[in-house]
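The values are calculated or read from the model by the stated rules, or taken from the named source; none is laboratory data. The shown structure was predicted, so the numbers you read here are calculated from the model rather than taken from an experiment. Using ideal geometry, Cβ is built from the backbone for each residue, glycine included, and neighbour counts are taken over all protein chains shown. The area values use the complete protein model at the heavy-atom level, side chains included, leaving out ligands, DNA and RNA. Shrake-Rupley method; radii C 1.70, N 1.55, O 1.52, S 1.80 Å.
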Amino acid sequence: MIKNYLHIALRLIRRNRLYTMINLLGLALGIAISLLLLVHIKKEISYESNFPRHELIYRVASTYWAKMSPVLAESLRDEMPEIQSVGRLLGAGPKIVEHDEVQISTQWNFFADSSILDIFSLEFVYGNPEASLSAPFTAILTEQTAQRLFGPGVFPVGKSIQLEGYQEYTVTGVIKDLPTNTHLKIDLLASMSSSSVDTNDSRTWAAVSTYALFPSQGAARKVTSRLRDFQYRFLEGIQTREEIDREGIFYVLDPISDIHLHSHREKELSANSDIRYIYIFGALAALILLIACINFINLFTAQALKRGKEIAIRKANGAKRRQLIQQFLGEAFFMTLLASCLAIAFIILVLPWYNQMVTIPFSYQELFTVSHLLIFAGIILMTSLLSGAYPALHIAGYQIEQGLKSHRLPTQGGVFTFRKALMGVQFFISLLILICSVAVYLQINYIHDKDVGFDQDQVVAITLHSNLWWQTVHHKEKVRQELLTIAGVKEVSTATKLIGERFGWESIQLKDSEQEPVSARYIRTDEEFLNTLNIRLIEGDGFQWSADSATRFVINQKAAEQLQADQLVGQLAVNGYEGTIVGIVENFNFASLHQEVEPLVIEYNPHNPNYLLLRISLQNLRKSMHDIKAKIAEIAPGNLFIHQFLDNQLASLYETENHLFQIFRAFSGLSVLIACMGLFAVAAHSVELRTKEVGVRKVLGASVGSILLLLSKSYLKTLIITFLFAIPVANYLITEWLQNFAYRMPIYWWLYAVPALLILLFALLTISGQTIKAARKNPVESLRYE
């Protein structure tokens, strides 16, 4: 029987090549897209799962801060016997690591307690885990870092390395590279006892990431219930219970598996994603697969309607309804299986391009794992049932006499209304995706085009390290004048942070003022910083050159408002030390446009910079960069030249939105293509059913235009009704998404009209090809049809 069903299915495919191609291609695209998105979602929600005891590891944080006091871990260890192990990580920032004149740049460097190795079960390639990081000035490298520094096949344990060209560390171990799906990114771990933070006893300084390992979930719940009382004791003498409760910042335990998608605290180790985007990708996968399934239902039903006599004869020969249902479901499964094979080929073809769009790339080996193949099998089964159930149940129910009167089943009734409704759902989804895609694009453009209050397109930042740092600090003016001799360089400055990096919080207060201190972001710079970035002063003279090194502050308007004084310029302010406020600048967006501008203090302090900032001409950019690199080599021979453009740094703040737009752009186009393919096939079938009617109308004098309108108006009516429903839904989704931004684009009427007209145009072109062909056909041929 199965062999017979297969034979019939193959025969139908040969007879209806065009419809079969459209059906298979549309379904293959839908399956491929949904599989890619579902695998992406699976990897996003699998963060931290590679750590053997990830479900028992928690980060100790607070309501607002991801980092905690350096002495918190010891107090937890002493007062909470339920904790099996506790350890700290202190970010060391990007470093230049050197061995025997080989220099490499590493991004993810930390000081760590040795207990971190046990908590995360870090796997050693070389070295003894129990002895590593126990002594000062010892370090552990990842495999990739060790290979870059020592070369492949070299045993690095016991060798010396230098950080930033002056401090020597002994390598005591090499660990395996961490997977990409973790918030914990590591290139190098140095012993915590090598850091000055290890001797710092501050209980309020949020400096280290603190992790706790529990023997069971019950132990974690017990500690959670006692954490508030622990906080009261830990901060005793610093804050009263009433002050802690009023401030509302409480200690919490974060399961590490929740960090990537649910945590957006201050001082996260790395930028996290958002659970809302997982919901968006999940909805997108389901909607595109639904569009493809609707295509299948419409086309499968259209073909089945032409099999009236076959069904009637089978029933007359004793075929049961159950057998007919099995046949149609089998054909649906067979078609879905063919489409799935095409989907795999499509995925293999587009995977390199897809990897450029997403933050977590996949290899072919990762994509076709057992779990992913099970997901793929589930999609095939679900698609077969979803696509084949309605045609099978509906068509198998027709009576024998209905089929014997014609080789077609009845051409009016609920099945056609249902098919038209399905087509409306297709275009509803397509319009929704297309409008959202346009909205994301416009918001990203709005962010890029917005005047942020300083020059970002002409600034290159050079990382200061080793000898270059020493030369810049001790011979700053000489270095500056050397760089200004380059034709393309207009201004030179130094800073501790780059615009776009997360500045630290500190306080500022007017001297002798009874007002509470104001919390503000801080950046340390030199006297040329404002000129280099063209930041506009509205009061005062800014950082004028002075022979002394007295502390001076320039504040932004937001900080000035909170300090609440009539005349701020010239007043003394206090931040543990005194300084004079010498200027007020306009509010400028020194962080992401997701947030409003916060209070900012720019402090004159050129003694410990991390970056050289050069404002350069965009003309002959390549030559200017070549000359800058050559000049840096003269100033600090042998130093690695590490640089980045400030506008690229700022663009990285919207990496999630950029990836979202790229995915929406690609898949919105494919969703419209799939919907139009289905519309083409449905329109062709509808025209085929009305061939004689068209011939009669032409004989009676109907024009091509009137026939075109006749055959198209039902589709156009369905599309217009669909658009009327889609637009308010799209407006709600866009409005909700824009709440993530403090600065939002205006929403214009054409945001909805242009995508709707675009889809309508595609739909008209799709329909008109078939209808014009039928309208121009010779009436004699039409009347002889069938």
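Pairs linking a residue in the stretch 620-634 that is within 8 Å of Gly488 (Cα to Cα) to a residue that is open to solvent by 40 Å² or more (accessible area, probe 1.4 Å), with Cβ atoms under 9 Å and 6 or more positions apart or on different chains, are Asn620/Ala487; Ser624/Ala487; Ser624/Leu618.
Which residues, counting only those in the stretch 464-518, are part of a helix (DSSP H, G or I) and among the charged types (D, E, K, R)? Within the stretch 464-518, Lys476, Glu477, Lys478, Arg480, Glu482 qualify. Take the conditions (1) open to solvent by 60 Å² or more (accessible area, probe 1.4 Å); (2) farther than 21 Å from Arg552 by Cβ; Ser624 misses just one of them, which is (1). Please go through (1) touching a residue at least 60 places away in the same chain (Cβ under 8 Å); (2) within 36 Å of the chain's Cα centre (by Cα) for Pro152 and return the number of the only condition it doesn't satisfy. Going through (1) touching a residue at least 60 places away in the same chain (Cβ under 8 Å); (2) within 36 Å of the chain's Cα centre (by Cα) one by one, Pro152 breaks only (1).
Could we say that Gln443 is outside any strand (DSSP E or B), open to solvent by less than 70 Å² (accessible area, probe 1.4 Å), under 30 Å from Thr735 (Cα atoms) and in contact with a strand residue (DSSP E or B) (Cβ under 8 Å, 6 or more places away or on another chain) here?
Details: outside any strand (DSSP E or B): yes; open to solvent by less than 70 Å² (accessible area, probe 1.4 Å): yes; under 30 Å from Thr735 (Cα atoms): yes; in contact with a strand residue (DSSP E or B) (Cβ under 8 Å, 6 or more places away or on another chain): no.
Spelling it out, it is not the case that Gln443 is outside any strand (DSSP E or B), open to solvent by less than 70 Å² (accessible area, probe 1.4 Å), under 30 Å from Thr735 (Cα atoms) and in contact with a strand residue (DSSP E or B) (Cβ under 8 Å, 6 or more places away or on another chain).
Condition check: small (Gly, Ala, Ser), crowded, with 16+ Cβ neighbours inside 10 Å and in a strand (DSSP E or B). Does Gly542 satisfy that? Taking the combined requirement at face value, the residue does not satisfy it.
Given the structure, is Asp627 within 23 Å of Phe741 (Cα to Cα), assigned to a helix (DSSP H, G or I) and of a type in the set (D, E, K, R)? The answer is no for Asp627. Considering only residues of the stretch 645-665 that are over 13 Å from Glu501 (Cα atoms) and of a type in the set (Asp, Glu), which is least open to solvent (accessible area, probe 1.4 Å)? Per the stated criteria, the residue is Glu657.
Taking the numbered list (1) assigned to a helix (DSSP H, G or I); (2) over 36 Å from the mean Cα position of the chain (by Cα) in turn, Lys222 passes all entries but (2). Counting only residues that are among the hydrophobic types (A, V, I, L, M, F, W, C) and surrounded by fewer than 16 Cβ atoms within 10 Å (Cβ to Cβ), which one in the stretch 474-488 is modelled with the lowest pLDDT? Among residues in the stretch 474-488 that are among the hydrophobic types (A, V, I, L, M, F, W, C) and surrounded by fewer than 16 Cβ atoms within 10 Å (Cβ to Cβ), the one modelled with the lowest pLDDT is Ala487. Taking the stretch 447-468, which residues are in contact with an Asp or Glu (Cβ under 9 Å, 6 or more places away or on another chain) and modelled with pLDDT of 90 or more? Scanning the stretch 447-468 gives a single hit, Val459. Across the stretch 489-517, which residue is surrounded by the fewest Cβ atoms within 10 Å (Cβ to Cβ) among those that are under 17 Å from Tyr64 (Cα atoms) and hydrophobic (A, V, I, L, M, F, W, C)? Only one residue fits best here, namely Trp505.
Hey, could you check the stretch 257-282 for residues that are part of a helix (DSSP H, G or I) and touching a Leu at 6+ places or on another chain (Cβ under 8 Å) and say which is most open to solvent (accessible area, probe 1.4 Å)? Let's see the steps before the verdict.
Within the stretch 257-282, the first condition is being part of a helix (DSSP H, G or I), and the residues that meet it are 257-262, 275-282.
Those left that are additionally touching a Leu at 6+ places or on another chain (Cβ under 8 Å): 275, 277-278, 280-282.
Details: Ile275: 34, Tyr277: 19, Ile278: 14, Ile280: 51, Phe281: 18, Gly282: 24 Å².
Checking each candidate, the answer is Ile280.
Taken over the stretch 606-621, residues that are assigned to a loop (DSSP other than H, G, I, E, B) and either crowded, with 19+ Cβ neighbours inside 10 Å or under 31 Å from the mean Cα position of the chain (by Cα) (or both) amount to 4. Figure legend. Inter-residue proximity from the stretch 112-127: first residues more than 19 Å from Gln144 (Cα to Cα), second residues open to solvent by 50 Å² or more (accessible area, probe 1.4 Å), beta-carbon distance below 7 Å, spacing 6+ or different chains. Indicated pairs: Ser114/Ser134.
If you scan the stretch 579-590, which residues turn out to be under 23 Å from Glu501 (Cβ atoms) and either of a type in the set (Ser, Thr, Tyr) or open to solvent by 20 Å² or more (accessible area, probe 1.4 Å) (or both)? Once the filter is applied, which keeps residues that are under 23 Å from Glu501 (Cβ atoms) and either of a type in the set (Ser, Thr, Tyr) or open to solvent by 20 Å² or more (accessible area, probe 1.4 Å) (or both), the stretch 579-590 yields Glu586, Asn587. With respect to the conditions (1) touching a Ser or Thr at 6+ places or on another chain (Cβ under 9 Å); (2) at pLDDT below 90; (3) not hydroxyl-bearing (Ser, Thr, Tyr), Asp548 lacks only one, and its number is (1). Would you say Leu422 is open to solvent by 10 Å² or more (accessible area, probe 1.4 Å), in contact (Cβ under 8 Å) with a residue 40 or more places away in the chain and within 27 Å of Glu598 (Cα to Cα)? Taking the combined requirement at face value, the residue does not satisfy it. You will find that of Gly695, Gly701, the residue that is modelled with pLDDT under 75, in contact with a Leu (Cβ under 6 Å, 6 or more places away or on another chain) and either of a type in the set (A, V, I, L, M) or over 27 Å from Gln443 (Cα atoms) (or both) is Gly695 and no other.
If you check Gly570, Gly638, Gly576, which single one turns out to be in a loop (DSSP other than H, G, I, E, B), without any contact (Cβ under 8 Å) to a residue 40 or more places away in the chain, at positive phi and open to solvent by 60 Å² or more (accessible area, probe 1.4 Å)?
Details: Gly570 fails: open to solvent by 60 Å² or more (accessible area, probe 1.4 Å); Gly638 fails: without any contact (Cβ under 8 Å) to a residue 40 or more places away in the chain.
Going through Gly570, Gly638, Gly576 in turn, the sole match is Gly576.
Candidates in the stretch 314-339 are the residues that are in a helix (DSSP H, G or I) and modelled with pLDDT under 70; of these, the one that is farthest from Phe300 (Cα to Cα) is Ala316. It is to be established whether one or more residues within the stretch 49-64 are over 26 Å from the mean Cα position of the chain (by Cα) and either of a type in the set (Gly, Ala, Ser) or over 23 Å from Lys176 (Cβ atoms) (or both). No: the stretch 49-64 contains no residue that is over 26 Å from the mean Cα position of the chain (by Cα) and either of a type in the set (Gly, Ala, Ser) or over 23 Å from Lys176 (Cβ atoms) (or both).
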